[in-house]
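Student: Submitted below is the structure of interest, expressed as structure tokens.
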Amino acid sequence: MQIMYRSTRDSSIRVTASQAVLQGLAPDGGLFVPEEMPHFDGNWEALSGWDYRETALQIMSLFLTDYTQEELKGCIEKAYDSKFDIPEITRLKETDGVWYLELFHGATIAFKDMALSILPHLMTCAAAKNGVDDEIVILTATSGDTGKAAMAGFADVPGTKIIVFYPKGGVSAVQEKQMLTQRGSNVHVVGINGNFDDAQSAVKRIFSDAAMKDRMAEAGKRFSSANSINIGRLVPQIVYYFYAYGQLVREGSVKPGDEIDITVPTGNFGNILAAYYAKQMGLPVKKLVCASNENKVLVDFFRTGAYDRNRSFKLTSSPSMDILISSNLERLIFRIAREKADVTKKLMDSLVSSGVYRITDEMYRNLTDFYGNYATEEETSEEIRRVYEQFGYVIDTHTAVASAVCRKYQGDTGDHRPMVIASTASPYKFARSVVCAVRPELKKQSDFELIDALREISGITVPQAIEDIRSAPVLHNTVVDADDMPGEIVRWLHI
Ligand SMILES: *Cc1c(COP(=O)(O)O)cnc(C)c1O
């Protein structure tokens with residue numbers, strides 16, 4: 001069955017999977033969604049026997065139907081290889097009926113690698129399939145992790161360039177150094193005076209700017225996106241929820257077909273949306289627990305049905321979740337609006353004009369798959385300490401937000417189904433906050449001293465991604481105002 005993709009804001013816009021991957025965002029500013037949700041046949045025994053690559057092939061081929069099996073296999077083999085530091089690509093760590101799904105074993109030690117190591121291959125393959133020989137310029141706004149993972153994926157990929165915008169002062173020391181030391185003749189990193197939302201909103205405006213599009217076309221170039229607004233990022237993220245379930249069946253922790261719950265530390269709502277899609281496809285998931293930090297706009301949305309971004313933006317110890325406009329929520333809104341593009345468009349227009357929208361009671365009733373809650377800074381650091389003291393296991397700040405919220409959920413509801421928590425980053429990426437949670441007396445140490453302390457505390461080898469930046473030279477130093485992002489693009493591309 002061929003799956004086509006439509007815009008969440010205009011159902012007359014209809015493209016193939018490869019075209020959706022190439023375009024990133026729909027021309028009307030909407031997000032591409034599958035016209036029909038593919039169904040997984042429910043053979044859990046078979047699933048439990050597949051390795052990561054086989055699971056990826058089985059799941060991705062249900063969505064990316066205009067790619068041939070050979071093309072997909074090729075992309076998967078190039079993506080999920082020795083760039084990952086464990087042959088299984090991802091693994092589960094159990095502590096007391098809760099399984100941390102370690103999604104940080106890729107090249108840049110955050111879960112973004114799970115999708116961004118394959119997106120460049122899906123994209124170059126899509127360009128070839130569609131006879132596109134324009135140079136593809138990837139525009140990316142990052143809250144810290146997407147930027148590095150996307151550059152690592154696209155560096156020196158022929159026919160592509162990538163520009164990353166990150167909030168100057170809004171990312172961790174390791175995140176920033178990782179980005180500023182990125183090599184590759186086709187990469188450009190720019191700090192902006194503003195926060196992630198400023199960067200993401202500006203990128204979306206640039207995508208929808210007709211004059212800019214013409215200017216690019218004249219120069220033989222076109223934009224695409226490596227953010228989770230691109231369906232080519234979302235689909236690879238569905239894979240690991242299936243894989244995790246297969247592993248739980250395989251080790252006898254759940255019986256085939258039994259339900260589990262999933263907790264996801266959430267920012268742009270991409271990762272949890274992938275879990276929701278997995279559920280819609282038939283994966284036995286009961287609750288999707290949406291965990292936020294103190295930027296808890298989603299918690300309020302799940303409680304009240306009103307999305308209100310008019311509030312102060314907080315910098316927290318989980319910077320990749322410091323987001324007030326969660327782009328992928330639009331895909332959920334579309335689904336709970338029974339796929340009505342006009343309803344979705346109205347709400348999204350209202351978000352742009354007033355910063356607020358409210359869903360109808362009927363839509364609200366379709367949100368029962370979700371539970372939302374948040375963890376304060378104090379609770380996050382207590383949770384790192386608790387998990388370490390109880391299990392000797394060190395988790396990063398984002399995972400700790402999820403872990404703390406998972407406990408709130410289980411406390412509030414009394415539900416104790418097997419719980420999978422998406423563990424989205426290596427603790428090394430946020431060494432300062434992690435070490436200070438466990439050993440506050442070390443807080444005066446330098447970032448690299450803290451990394452060595454973390455090695456002693458955790459007993460885990462320092463990942464290559466960290467060793468790489470210890471002595472690497474800083475290669476980028478551009479900082480601009482958010483308003484000058486289009487200007488910076490024009491300057492760098494010489495168009
Ligand atoms: C990006 C990121 C998140 C948030 O994921 P979304 O898909 O944006 O909701 C959480 N944790 C880490 C470490 C991340 O890099």
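The values are calculated or read from the model by the stated rules, or taken from the named source; none is laboratory data. The shown structure was predicted, so the numbers you read here are calculated from the model rather than taken from an experiment. Every residue, glycine among them, receives a Cβ derived from its backbone with ideal geometry; neighbour counts consider all protein chains shown.
Student: Would you check if there is a residue in segment 313-325 being free of Cβ contacts under 8 Å to residues at least 24 places away in the same chain and part of a loop (DSSP other than H, G, I, E, B)?
Tutor: yes
Student: Tell me which residues, restricted to segment 270-282, are surrounded by 24 or more Cβ atoms within 10 Å (Cβ to Cβ) and over 17 Å from the mean Cα position of the chain (by Cα).
Tutor: Of everything in segment 270-282, nothing turns out to be surrounded by 24 or more Cβ atoms within 10 Å (Cβ to Cβ) and over 17 Å from the mean Cα position of the chain (by Cα).
Student: Restricting attention to segment 214-230, does a residue exist that is in contact (Cβ under 8 Å) with a residue 40 or more places away in the chain, under 24 Å from LYS287 (Cβ atoms) and within 16 Å of the ligand (Cβ to nearest atom)?
Tutor: Yes, segment 214-230 contains a residue that is in contact (Cβ under 8 Å) with a residue 40 or more places away in the chain, under 24 Å from LYS287 (Cβ atoms) and within 16 Å of the ligand (Cβ to nearest atom).
Student: Based on what the data block shows, is GLU467 more than 16 Å from the ligand (Cβ to nearest atom) and farther than 25 Å from THR181 by Cβ?
Tutor: Criteria not met by GLU467.
Student: Give the residues of segment 362-381 that are in a helix (DSSP H, G or I) and not charged (D, E, K, R), sorted by residue number.
Tutor: Passing the criteria: MET363, TYR364, THR380, SER381.
Residues are listed down the side, and each one gets a yes or a no for (1) free of Cβ contacts under 8 Å to residues at least 40 places away in the same chain; (2) in contact with a helix residue (DSSP H, G or I) (Cβ under 8 Å, 6 or more places away or on another chain); (3) within 19 Å of ARG91 (Cα to Cα):
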residue: MET363; (1), (2), (3): no, yes, no
residue: TYR374; (1), (2), (3): no, yes, no
residue: TYR388; (1), (2), (3): no, yes, yes
residue: GLY411; (1), (2), (3): yes, no, no
residue: GLY414; (1), (2), (3): yes, no, no
residue: SER423; (1), (2), (3): no, yes, yes
residue: VAL434; (1), (2), (3): no, yes, no
residue: ALA437; (1), (2), (3): no, yes, no
residue: SER446; (1), (2), (3): yes, no, no
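Student: Please work out if VAL171 is within 16 Å of the ligand (Cβ to nearest atom), surrounded by 24 or more Cβ atoms within 10 Å (Cβ to Cβ) and in a loop (DSSP other than H, G, I, E, B).
Tutor: So VAL171 passes the test.
Student: ASN195 passes all but one of (1) in contact with a strand residue (DSSP E or B) (Cβ under 8 Å, 6 or more places away or on another chain); (2) among the polar types (S, T, N, Q); (3) over 18 Å from SER317 (Cα atoms); which number fails?
Tutor: Unmet for ASN195, out of (1) in contact with a strand residue (DSSP E or B) (Cβ under 8 Å, 6 or more places away or on another chain); (2) among the polar types (S, T, N, Q); (3) over 18 Å from SER317 (Cα atoms): (3).
Student: Ok, one more. List every residue pair whose Cβ atoms lie under 9 Å apart, where the two residues are 6 or more positions apart in sequence or sit on different chains, the first residue falls within segment 99-124 and is at positive phi and among the polar types (S, T, N, Q), and the second residue, located anywhere, is in a strand (DSSP E or B) and within 13 Å of the ligand (Cβ to nearest atom).
Tutor: Going by the 9 Å Cβ cut-off, there are no qualifying pairs.
Student: How many residues are of a type outside the set (Ser, Thr, Tyr) and farther than 13 Å from LEU329 by Cβ if we restrict to segment 289-316?
Tutor: Residues flagged as of a type outside the set (Ser, Thr, Tyr) and farther than 13 Å from LEU329 by Cβ within segment 289-316 amount to 12.
Student: So, restricting to strands (runs of 3 or more DSSP E) that lie completely within segment 55-153, which ones have at least 1 residues that are within 16 Å of the ligand (Cβ to nearest atom), closer than 28 Å to CYS406 by Cα and of a type in the set (Ser, Thr, Tyr)?
Tutor: 98-102
Student: Of the residues in segment 315-348, how many are more than 12 Å from the ligand (Cβ to nearest atom), of a type in the set (Lys, Arg) and under 20 Å from the mean Cα position of the chain (by Cα)?
Tutor: The total comes to 1.
Student: Among the residues that make up segment 300-308, is at least one of them within 21 Å of ASP415 (Cβ to Cβ) and more than 15 Å from the chain's Cα centre (by Cα)?
Tutor: yes
Student: (1) more than 16 Å from the ligand (Cβ to nearest atom); (2) aromatic (Phe, Trp, Tyr); (3) closer than 23 Å to LYS408 by Cα: which one isn't true of TYR357, the others all being true?
Tutor: All conditions pass for TYR357, except number (3).
Student: Pull up segment 291-350, narrow it to residues that are out of contact with any Ser or Thr (no Cβ under 7 Å at 6 or more places or on another chain), at pLDDT 95 or above and of a type in the set (Phe, Trp, Tyr), then point me to the one that is surrounded by the most Cβ atoms within 10 Å (Cβ to Cβ).
Tutor: Among those residues, the one meeting the criterion is PHE301.
Student: Name the one entry in LEU351, LEU273 that is part of a helix (DSSP H, G or I) and within 11 Å of the ligand (Cβ to nearest atom).
Tutor: LEU273
Student: Considering (1) surrounded by fewer than 24 Cβ atoms within 10 Å (Cβ to Cβ); (2) of a type in the set (Ser, Thr, Tyr); (3) within 29 Å of LYS204 (Cα to Cα), say which one SER7 fails and leave the rest.
Tutor: (1)
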